[in-house]
């Protein structure tokens, strides 16, 4: 078999952050045209993992008595890759495939050459790309939903509090509306069933569908220069959601109303209505951050948003906040060049990203 190469795009949250951690809540995300690539080279008797993110020295692996993959060194940065391999190979064995050996080389464009992290979802992209490469290696036909479910099974073992929205975006591409599944049901159910059965079952609340952006909608992305830890921020909010002063239930109710209105606005190709709901969600996040004593909208992100509003856009943090990126939605006729100049002057880096696999409403 020849070398197999697969890619998965990075992601950005448009709205729905924090709320989408809870089952049945929806977020809107977009896939961007920076990719994580996995190259699989078949081998015999031994395999290895290499990545440009962690140096080029390979991490070697072998198989133990029950054919599980085991790394030859204890300390390693490949948790998501290993979990993706484990889940996919369990499915491959259930489908009657004989496990083989291979070298995996991981190359990421989601950070820049100096190692700056933009918050584009590298852990989700590497999980999806690894599963896609292994699916070809073992001749497994996967629909986008099956790909997502395998990736979700892999990710919740490593990061049980994640929404898996990044996985849905990397698996589907384009603009998506993602409604979170019940992770506790998934963890409980998989303990007494096969991977194959998990792929065939309906997962409570799970829904993923493509959205079409209006023809006149323009998305701008700015990076504040400060990387953020999504798991840490989410854990902080989750730890305080039971406190009465956090008003978490009010946040979730507002988020549900806002996200329904925003999905409807996409369906109706109404850029102005999308902008209106972006502003609503920014206010919801601001209230959540204040009540949970969590710095979601940092001073740098505040400046990014206010400059975008000054030039006619609607802006908010993207993802968990605390740093990383902000997004701004404009009409095509707006003066976006002035905003980009203002961002740059204030130390905010405009990212030249485009939507990957985009579909738009006809003009």
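The values are calculated or read from the model by the stated rules, or taken from the named source; none is laboratory data. Please read these numbers as outputs of a predicted model, since none were measured by experiment. Here the Cβ positions follow ideal geometry from the backbone for every residue, glycine too, while neighbour counts run over all protein chains shown.
For region 113-170, a residue qualifies if it is within 15 Å of the chain's Cα centre (by Cα), at pLDDT 90 or above and part of a loop (DSSP other than H, G, I, E, B), and the qualifying residues are 163, 164. Only residues that are modelled with pLDDT under 90 and on the phi > 0 side of the Ramachandran plot were counted across region 272-328, and they come to 6. In region 339-354, which residues are over 26 Å from the mean Cα position of the chain (by Cα) and in contact (Cβ under 8 Å) with a residue 24 or more places away in the chain? Within region 339-354, 339, 342, 346 qualify. Report the residue count in region 27-41 for those that are over 20 Å from residue 359 (Cα atoms) and in contact with a helix residue (DSSP H, G or I) (Cβ under 7 Å, 6 or more places away or on another chain). Number of matching residues: 4. Of the listed requirements (1) in the same structural domain as residue 278 (by TED's automatic domain parsing); (2) in contact with a strand residue (DSSP E or B) (Cβ under 7 Å, 6 or more places away or on another chain); (3) surrounded by fewer than 22 Cβ atoms within 10 Å (Cβ to Cβ); (4) in a loop (DSSP other than H, G, I, E, B), residue 357 misses just one: (1). Considering every residue within region 259-267, establish whether at least one is over 20 Å from residue 214 (Cα atoms), within 22 Å of the chain's Cα centre (by Cα) and at pLDDT 95 or above. No, because not a single residue in region 259-267 is over 20 Å from residue 214 (Cα atoms), within 22 Å of the chain's Cα centre (by Cα) and at pLDDT 95 or above. Looking only at residues in region 291-338 that are assigned to a helix (DSSP H, G or I) and under 25 Å from the mean Cα position of the chain (by Cα), the one that is surrounded by the fewest Cβ atoms within 10 Å (Cβ to Cβ) is 299. Taking the listed residues 216, 270, the one that is within 29 Å of residue 357 (Cβ to Cβ), touching a helix residue (DSSP H, G or I) at 6+ places or on another chain (Cβ under 7 Å) and touching a residue at least 40 places away in the same chain (Cβ under 8 Å) is 216, with no other qualifying.
Each row is one residue, and each column tells you yes or no for (1) more than 22 Å from residue 207 (Cβ to Cβ); (2) in contact (Cβ under 8 Å) with a residue 24 or more places away in the chain; (3) touching a strand residue (DSSP E or B) at 6+ places or on another chain (Cβ under 9 Å).
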position: 247; (1), (2), (3): yes, yes, no
position: 255; (1), (2), (3): no, yes, yes
position: 276; (1), (2), (3): yes, yes, yes
position: 288; (1), (2), (3): yes, yes, no
position: 295; (1), (2), (3): yes, yes, no
position: 315; (1), (2), (3): yes, yes, yes
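Residue 101 meets each of the listed conditions (1) surrounded by fewer than 17 Cβ atoms within 10 Å (Cβ to Cβ); (2) on the phi > 0 side of the Ramachandran plot; (3) touching a strand residue (DSSP E or B) at 6+ places or on another chain (Cβ under 7 Å) apart from (2).
From the list 6, 17, which one is part of a strand (DSSP E or B) and at pLDDT 95 or above? Spell out the reasoning first.
Numbers: 17 fails: part of a strand (DSSP E or B).
Every option except 6 fails the conditions.
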